[in-house]
Structures are given as structure tokens and as C-alpha cells.
1. Confirm whether B:Ile160 is farther than 30 Å from A:Gln82 by Cβ, β-branched (Val, Ile, Thr) and more than 10 Å from every other protein chain (Cβ to nearest Cβ).
2. Conditions: (1) surrounded by 14 or more Cβ atoms within 10 Å (Cβ to Cβ); (2) farther than 26 Å from B:Leu74 by Cβ; (3) within 14 Å of chain A (Cβ to nearest Cβ). B:Leu92 meets all but one. Number of the miss?
3. Is there any pair with a first residue in the range B:133-147 that is open to solvent by less than 80 Å² (accessible area, probe 1.4 Å) and a second that is of a type in the set (Asp, Glu) and at pLDDT 90 or above whose Cβ atoms are under 7 Å apart and which are 6 or more apart or on different chains, and what are they?
4. What do you reckon, is B:Val118 free of Cβ contacts under 8 Å to residues at least 12 places away in the same chain, open to solvent by 20 Å² or more (accessible area, probe 1.4 Å) and outside any loop (DSSP other than H, G, I, E, B)?
5. In the range A:174-195, how many residues are within 16 Å of ligand 1 (Cβ to nearest atom) and either open to solvent by 10 Å² or more (accessible area, probe 1.4 Å) or among the aliphatic types (A, V, I, L, M) (or both)?
6. Does B:Val27 satisfy the criteria of being farther than 26 Å from B:Leu272 by Cβ and either polar (S, T, N, Q) or surrounded by 10 or more Cβ atoms within 10 Å (Cβ to Cβ) (or both)?
7. Could you check the range B:156-184 and list, in sequence order, the residues that are open to solvent by 40 Å² or more (accessible area, probe 1.4 Å) and out of contact with any Phe, Trp or Tyr (no Cβ under 7 Å at 6 or more places or on another chain)?
8. Restricting to strands (runs of 3 or more DSSP E) lying wholly in the range A:230-298: which have 3 or more residues that are open to solvent by 20 Å² or more (accessible area, probe 1.4 Å) and out of contact with any helix residue (DSSP H, G or I) (no Cβ under 6 Å at 6 or more places or on another chain)?
Amino acid sequence: MSRIELNAVRKNFGTLSVINGVDLDIYDGGFTVFVGPSGCGKSTLLRLIAGLEDLTSGHILIDGRDVTELGPAQRELAMVFQSYALYPHMSVRNNIGFPLKMAKQSEAVIDAKVRKAAETLNLKDFLDRRPGQLSGGQRQRVAIGRAIVREPKAFLFDEPLSNLDAALRVQMRLEIMQLHKSLGATMVYVTHDQVEAMTMADRIVVLNQGRVEQVGSPLELYDRPKTLFVAGFIGSPKMNFISGALASKHGAATIGIRPEHVQIGDASGAIHATIRIAEHLGSDTFIHVDSADLGAMTVRATGNIEAAPGTALSLTLDPARIHRFDASGQAIF
Amino acid sequence: MATRHSQGLARLAVAPSVIILFLWMIVPLVMTIYFSFLRYNLLNPDIGGWAGFSNYYYFITDDSFPGAVLNTLLLVASVIAVSVIGGLGLALLMDQPFWGRGFVRLLVISPFFIMPTVSALVWKNLLMNPIYGLFAYLQELVGLTPLDWFAKVPLLSVAIIASWQWLPFAALIILTALQSLDEEQKDASAMDGARFFSYFRYIMLPHLARPITVVILIETIFLLNIFAEIYVTSVGGLAGNLTYLVYFQGLLNFDIGEASAGGLIAVVLANLVSIFLVRVIGRNLEI
Ligand SMILES: Nc1ncnc2c1ncn2[C@@H]1O[C@H](COP(=O)(O)OP(=O)(O)OP(=O)(O)O)[C@@H](O)[C@H]1O
Ligand SMILES: [Mg+2]
């Protein structure tokens, strides 16, 4: 239930500059997702907010108060780690109650709060077990339970679902979103999975090499990527990029078009291509084609389309859906 | 490896070494038991025959016996206390990042590789000697009378020497365990508001319970029959333990029968201590 502001935040590890001046406003009650490729500094940025790393320069404000010099506990934030970081020798009950114990709450208060958290997270039957005796999803819930009992100002999640299998990931995703709704808390969520980012976020922050590339709602990023990087990172399969003659015709160094905005027709069309390989997903077919004019392209067709490798076809680009970028990778609107 | 066939094969394969190990243990043990019931004194080879329990009786009623038991236990307890507490401290220090850490670790572990006899000699002659030892020199430097370690505080001296040898062992085992402690747990506990003391108390110590148990058990086994340090520093008469008393009966009094009885009593004592330890701290090894 708090607003977090980052002003010109920088972080160097020795000579390696990992976060290069990030300005960011994380709104009260929002669900903000940091995405970016591996090593771009997502975790580092989250740890800077948490207070687990010292800033090299810049300021972090929580509800208007400068917390740059405060330790992790005084910032009153809670964090859920990728490896869960449960305390292996403590029961689930003591794990969840640990932050309260550290805050010197009475036994009765701790017991009541732990019970309530366990109820919310369906952990009631496991309170006396050790983390080692739980499944991955249950461990994840314990980690979340440990975060919610303190009623923190905001929740920080660092790739909390990446150790779970696909089905569980979908389920936990929903549970976290529900939790966000019921608590109304500010949540900051790190992931490199852009599907997670698109489905969960109300705001996505795309990071690249320690810089913020773009901030916006999922659809904003999808529809109006500001840079070549964002255009390539958001959306799956990846946006097709075309440079050369066709791009110059549109007055750009590079143009991009998403696979779903390319139509295929019979071989009589303007742009010729041949099918290299097709991926059938049932609901969609991803067709990878080679085109003499455009190079390698991916096309997304709805439904299950017959597409034998080597077949000749033609491509049509939806002109309204073409994204244009200048030589420095900035979008031209 | 879990099929019945492979288990049978495995048993067959390990049988020779198990049998040899078993003989290795059982033959000396049976011989010792046999000797302990004989009249067997090298100074009086003419007197022989069964002695009944008299060897045991004489060993236990020997004036030195209660002191020897006490010294044995004191030595074990004090060296373990010093090495575990000191080892914990050293391990915590060595776990910090600092320049030349690898070299320091190598230095710290080195006493463990020195033979007990050698280290006892070094301590006796170079450090604790009241006339030309380093400690005497330091004491004189600040105007104190040099302490005659082995005459005035024999047990303490032996305990110091043994601690010097065992401290690195404990430190190394604990350090290894510390390094396997997940960094994220430290972060998580910091987020949860744990200061260093709470972190140490609630996360580090439980994590170290198992290695510390291992250290205690292993050191107990070795320290119960510590001998070289006592023999070399010639404090056996003042601060001898059970092992020394057995040596004294066997090789100074030449009473093999009584020495054997003493050896068996030492075995019983070792078992009592082990049972006690396993009861008290053994459950740390489970999970
Ligand atoms: N403690 C550290 N010391 C030195 N370099 C570090 C440290 N922590 C992170 N880095 C470096 O900072 C960069 C960013 O790391 P970070 O963990 O923030 O990446 P990330 O975006 O979370 O990646 P991933 O998606 O793989 O988790 C990496 O190049 C990493 O090597
Ligand atoms: Mg990361």
C-alpha cells in the first residue's frame, strides 16, 4: 500500500556497472513487473529496492520518505525469493512466524496471524512440517505466507515461479494475482517470462543492460513499443524485423511486423516465400518461412494450417501494423 | 543397486574386507580380555595362572585411578569446548571475504597435519619451557616470573596443546558447513528483520548443528585416548589420563594383566561417554 520512487539509481559491482541510472515511479497498489533478458539487472534492481544491496548513487523513496540509507527490515517490504529461501530446520509455522518473532510480537499474536495466513494460502494441514517435506508449490506458498504476515508496505517477488512446472506455474500465477486483489498491496514482480509479464502486470518495466527501455501497460508495450529492443522482447513468437529496401520505402531503417499481422496467400502474391518449418500448436500454427526479399520470417496463422516444408506461398504485411524504427533503434510514430 | 541379486553380490564382494576388519578388531580384543584375567607380570614371570577379577580390582583401587578418569574427562571436555567455540569464531572470520583468504585458511589448517609428538615437543621446548621458552620470555618482558607450565598447570598445558591441534579441524569442518549455507537465507532473514545475533542464533547455529555434532563425536574418540602429548611433556605423573595409566601399568610396572584390565575399563568408559553423547546430540545427525 505504498508508492516507491527510484531517482537516478545506479549500482556498480566493482567496475561493472549493472544499473545505469534508473528513474521509476511504482504506484500505490499496482502490480509492476520487471522484465528483461537474463543478466539485465532485474534482480539487482529488486534487491536495491529491498535494501539488500547498497546504491552506488541515487535515491529510493517509499511513500515520500527517503529510505536509501535504511536497512532491509526498516523499509518494511517483504520479498519472495526464487529459491524460496525457507529456513530448513524450522517448521512451516515457525517459518511463517519468523518475521513476527523478530518484530517481538507476542506468541498469541504470532499464532493468530500465522493461522490466518495459513488459511489464506491453504497451508493449514502442513503447519508442523519442515520445508523439506513439502512440494514445490507448497514451499512457494510458505514463502508467500512469510511475506504476508508482516503486512508489508509492498511485496517484492524475484522470479518466484521459475522453479515450478508449467501447470503449477499457471495456478500460482492466478493465486498471486488474487492475493494482489484481496490485499490491494503494491507488488513488484521480476520475471524473464514475458507471458507472465503480460498476464499479470498492470505495468511492465522493460529493462535492458541496466536501463529502463520502456514503461507501460502490457498492451501499450505490445502495440506501441518505443524501441527495437522492446518490440523484439515483448510478444511471442518474436516480431519480424526487416531492413533494406522495404524499410526505406516506409521511411525507416528497420520495420517490424508481428507474426500475427502477416497474412499468407497462394504463390501469386507480391512477396514470395517458401516454408522452412511449421510448428503446430493446435490453436495456432507458427510457420517459419524464407523469403528472398525479406529474409527469414515467422508467420502466425490461426487454426491448424496445412504447411508442408518447401511449399511456396506469398506474404502480405498489414500496413496498419507495421512498426518503424530509425537507425538508432528508436520507434518512429 | 537395489535388486536382491545385486545386494547378494555386493555382500559377497565386501565380505573379505569385512572379515579381515572383524578379525583385526576381535583378535586383540579377545587377547586383551584373556590377559586381563591372568597373573601376568613381566617382572615375575614365574607367577602365572588365573587372577580372577583381581587385576580389575587393583586397577580401580589404584590411587591414580580416580584422578586419571577425571583427567580423561576434563581433557576431552575442555579441548572440545575450546575447539568448537574457537572453531566457530575462526570459521566465521574466515568466511568473510578478505585479501589472502586462501592462504590464511591453509595456515590455519596446518597444525592439524603436524604429528602430536612433534607439536608436543615444539610446545614443550620452544613455547612453554620456563627458561628459554617464548612464553617465559614474554612474561619476563613484562616483568612477571615465568610460569613453569608443566609443573604448575600440567593438565591445562596438555589441554592447550591438544586444543591447538584440534581447533583447526573444528574450524575447517564448520567453515565448510558455513559455506554451504544458502546466501538467500541470509537475505531472507534480513528482510524478516533478523539482526546478526538472531541470524546466528536461529539460522546459522541450527545449520551448523550437524557438523558440530560430527566434530564433537570425532574429537571425543581421539581425545579419550590422547597419549603422545602427555608422554612427551612428561606430565603423566601429574596429569595422566586413563591411557597413561594403562601405559604406566604395562610398560613401567610391567604388569600386563593389570594393564589389560585397565585397557578394558577404558573401553567401557569410552562406551559410556559415546552412549551419553549419542543420547544428547545424536539426533542432530538424523533428518
Ligand atoms: N554480487 C555481485 N557481484 C558482481 N556482479 C554481480 C553481482 N550480482 C549480480 N552481478 C552482475 O550483475 C548483472 C545483473 O545481474 P542480475 O542478477 O540483476 O540479473 P537478472 O536480470 O536478475 O538476470 P536473471 O534473469 O538471469 O536472473 C549480471 O551481469 C551479474 O553478473
Ligand atoms: Mg535474477
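1. Spelling it out, B:Ile160 is indeed farther than 30 Å from A:Gln82 by Cβ, β-branched (Val, Ile, Thr) and more than 10 Å from every other protein chain (Cβ to nearest Cβ).
2. Going through the list (1) surrounded by 14 or more Cβ atoms within 10 Å (Cβ to Cβ); (2) farther than 26 Å from B:Leu74 by Cβ; (3) within 14 Å of chain A (Cβ to nearest Cβ), B:Leu92 breaks only (3).
3. B:Pro146/B:Glu140
4. yes
5. Total satisfying the criteria: 6.
6. no
7. Listed by number, the residues that qualify are B:Leu156, B:Ile160, B:Trp164, B:Leu167, B:Leu172, B:Ile173, B:Thr176, B:Gln179, B:Ser180, B:Asp182, B:Glu183.
8. A:262-265, A:271-280, A:284-291
The values are calculated or read from the model by the stated rules, or taken from the named source; none is laboratory data. Here the structure is a predicted model, which means the values were calculated and not measured. Here Cβ is always computed from backbone atoms with ideal geometry, including for glycine, and neighbour counts include all displayed protein chains. Areas reflect the complete protein model, heavy atoms only, side chains present, ligands, DNA and RNA absent. Shrake-Rupley method; radii C 1.70, N 1.55, O 1.52, S 1.80 Å.
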